[in-house]
Amino acid sequence: MSEKCLLLPALGCYKITTVFSHAQTVVLCVGCSTVLCQPTGGKARLTEGCSFRRKQH
């Protein structure tokens, strides 16, 4: 099982946070402390309004 790396900008914030697709903890934006995603036991659930893109390897 490969884990994807996502780049998440928070709504209204210009900081980009790197998050793994199967994150096991709540991830906060480094700029504004908005919750970006929450763990579900599998893939993390993105907060409504957050956009994402896959990181290019």
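The values are calculated or read from the model by the stated rules, or taken from the named source; none is laboratory data. Nothing here was measured: the structure is a model prediction, and the numbers come from that model. Note that we place each Cβ from the backbone using ideal geometry, even for glycine, and neighbour counts take in every protein chain shown.
Considering the stretch 17-30, the residues that are surrounded by fewer than 18 Cβ atoms within 10 Å (Cβ to Cβ) and either touching a strand residue (DSSP E or B) at 6+ places or on another chain (Cβ under 8 Å) or of a type in the set (Ser, Thr, Tyr) (or both) include one that is modelled with the lowest pLDDT, namely 30.
Checking each residue in the stretch 7-34 for being of a type in the set (A, V, I, L, M, F, W, C) and touching a Cys at 6+ places or on another chain (Cβ under 8 Å) picks out 8, 10, 11, 13, 19, 20, 23, 26, 27, 29, 32. Scan the stretch 32-57 residue by residue and report those that are assigned to a loop (DSSP other than H, G, I, E, B) and modelled with pLDDT of 85 or more. Passing the criteria: 32, 33, 34, 39, 40, 41, 42, 43, 44, 47, 48.
Considered as a group, the residues in the stretch 36-45 that are within 9 Å of the chain's Cα centre (by Cα) and surrounded by 13 or more Cβ atoms within 10 Å (Cβ to Cβ) include one that is nearest to residue 13 (Cα to Cα), and that residue is 36.
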